[in-house]
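The values are calculated or read from the model by the stated rules, or taken from the named source; none is laboratory data. Bear in mind that the values here come from a model prediction, so they are computed numbers and not experimental data. As a convention, Cβ positions derive from the backbone with ideal geometry for all residues, glycine included, and neighbour counts pool all protein chains shown. We work out accessible area using only protein heavy atoms, side chains counted, and drop any ligands, DNA or RNA first. Shrake-Rupley method; radii C 1.70, N 1.55, O 1.52, S 1.80 Å.
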Amino acid sequence: MIRAELDYALKRLGAHQHVTFRNTEETSLDQLVLYVLPNREPGVFHLEDVVIAEETGTSEAILEGARLTVSLPTPLQPGCQVTLSLDYTVDIPRMGAGPFGRQGYLGYSDRQLNLALWFPAVAARAEGQWITPVPITVGEQTVLPAADFDLCLAVENLPPAMTVVGPGTASRESCGWRYQLANAREITLSLGDNYRQTVAPALDGTVMVELYTFESTPAEAAEQALHTAVAALNLFADLYGSYPYDRLIILESDFPDGMEFSGLVYVGGEWFRSYRGDPASYLTLITAHEVAHQWWYHRVGNDQSRHPWLDEALSTYSEYVFLQESYPPLVDWWWDFRVNSFHPTGFVDSTVYEFNTVRDYINAVYLRGAQFLHALRQEIGTEAFFAWLQTYATNMSGQIAAPADLWAALEPKLFDRTEEIRQTFLRQAQPDAP
Ligand SMILES: [Zn+2]
């Protein structure tokens, strides 16, 4: 539960947050660790107070980079839960400023203010360790366990033409704009000046896709993005498994490229501006790509620092899968334009920490990743390929997957048959035990 107040004039947000954590492991825990992405750079996140509910003893909280370690006065026994309350302020950075300026999903421009990954979130655990990857400017680094969010945002000094947009169940209450989102990786809001909303139904009317674009964006670009998002949602739900919410928000962003969140994605404004009425465009590709992340990131989580290919290779290859269904004449163009023209090299299963440039990272993880998945599909056949991905999505739904989980979903005889392909594209062709 988060109750937050944003002063729009100051671009400063104050928050009071309750975090309830249950120990589902078999050993007791004497610490709770939270991932605080906004503290990746100085001057943004200011921790004021951490209190453990029902405890009179003082706990020690240490914030180092993106890792907040809270010592528990009494160990948290298996099956028991603890509630922390945190108070903090966030000074929203200007988009484009500072080393993380490209990542404007936590940032503001003259017409948009984005609130993503701005709060402390309980860190994921693997092999008895808390996972808090070091943030860098290449790729994403989060590893977020699924949780239930209840966020209410009040805004002071809000210009009259600004609106607040968020995913899940939305309502206006005395605390402000309230959003509830169950089983999500995070909860993300966006404030925009004169956002133009267009909506269309998907999945037989069970989901409404809402697109928010800026006033100056041509209607034909908005139509193409909305049409693509609806068709992509329909197709991917059919191939990969169900979509869990009754809304999907697509936002034009004032920061580059695009970015995925639970129930809400951004598509870069440059792709709307460069759209010339031809579906063979980045607007189509990036919109389909970000929708695919609702399966490969949101539904099946992964460590985006150590195994970025698990979400990015699958989302990039999903662009091709989308074109095959919606624009079959464009598939050759896609290989040429999106993949082969970059002459991609590098191991698909690289970590984000191995690259100096975003281009080299995309070439290895996204583009070689798409070539890898296509080679696997050609070897095992289309039917087995999508059955495999659907099994993986079902098995790992709401969890954090490692490569071993992807391979465990593949029939053993098909796994053996694809050895050579894995040797070609991966550094580690034999996964660690799941
Ligand atoms: Zn992506």
Computed D for segment 79-140, Stokes-Einstein, Kirkwood radius over alpha-carbon pairs, 4 °C, 1.567 mPa s, to the nearest µm² per second, is 91 µm²/s
Distribution of pairwise C-alpha distances over segment 19-73, 5 Å bins, in %:
4, 17, 26, 24, 17, 9, 3, 1
Rg(Cα) of segment 283-418 divided by 2.2 N^0.38 Å?
1.00
Hey, can you grab everything whose amide H is under 5 Å from the amide H of Val209? Only 5+ residues off in sequence or another chain; H modelled, so Pro and N-termini drop out.
Ala200, Ala202, Leu248
Per residue of segment 322-338, what does 6.51 cos²θ - 1.76 cosθ + 1.60 with θ = phi - 60° give for ³J(HN,Hα)? Whole Hz please, x for Gly and Pro, Karplus curve as stated.
5, 4, 3, 7, 9, 9, x, x, 8, 5, 5, 4, 4, 4, 6, 6, 8
How much accessible area per residue does the chain have, counting only protein heavy atoms and a probe of 1.4 Å, in square angstrom?
40 Å²
Placed amide H near Phe149: partners under 5 Å, 5+ positions off or other chain
Leu181, Ala182, Asn183, Ala184
Each residue of segment 344-361 in order: what ³J(HN,Hα) in whole Hz does its phi give by Karplus 6.51 cos²θ - 1.76 cosθ + 1.60, θ = phi - 60°, with x for Gly and Pro?
x, 9, x, 6, 4, 8, 6, 8, 5, 7, 8, 10, 8, 10, 4, 4, 5, 5
Cα centroid separation, segment 118-186 to segment 232-263 (Å):
16 Å
Say the dipole of the chain comes from +1 at the beta carbon of Lys and Arg and -1 at that of Asp and Glu; which of Leu211, Ala116, Gly277 then lies farthest toward its positive end?
Gly277
What are the semi-axes of the equivalent ellipsoid for segment 33-162, taken as the square roots of 5 times the Cα gyration tensor eigenvalues, largest first, in whole Å?
29, 18, 13
Of all accessible surface on the chain at a 1.4 Å probe, what whole percent is carbon and sulfur?
49 percent
For a quick check: with amide H placed at 1.01 Å from N, whose amide H comes under 5 Å from Asp257's, ignoring anything fewer than 5 positions away on the same chain?
Gly268, Glu270
Take the alpha carbon atoms of segment 335-393, find their center, do the same for segment 78-112, and report the distance between the two centers in whole angstrom.
30 Å
Identify, among Trp335, Leu191, Val165, the residue whose Cα sits farthest towards the positive end of the charge dipole of the chain, taking +1 on the Cβ of Lys and Arg and -1 on the Cβ of Asp and Glu, with the dipole about the Cα centre.
Trp335
Beyond 36 Å, how much of the Cα-Cα pair distribution for the chain remains, as a whole percent?
25 percent
The chain, helix-only ellipticity at 222 nm - DSSP H runs n ≥ 4, -39,500 (n - 2.57), divided by all residues, nearest 500
-7500 deg cm²/dmol
Of Asp238, Asp303, which has the most accessible area and how do the rest follow, probe 1.4 Å?
Asp238, Asp303
Please turn the phi angles of segment 72-79 into ³J(HN,Hα) values with the Karplus equation 6.51 cos²θ - 1.76 cosθ + 1.60 (θ = phi - 60°), one per residue in order, whole Hz, x for glycine and proline.
8, x, 10, x, 8, 6, x, x
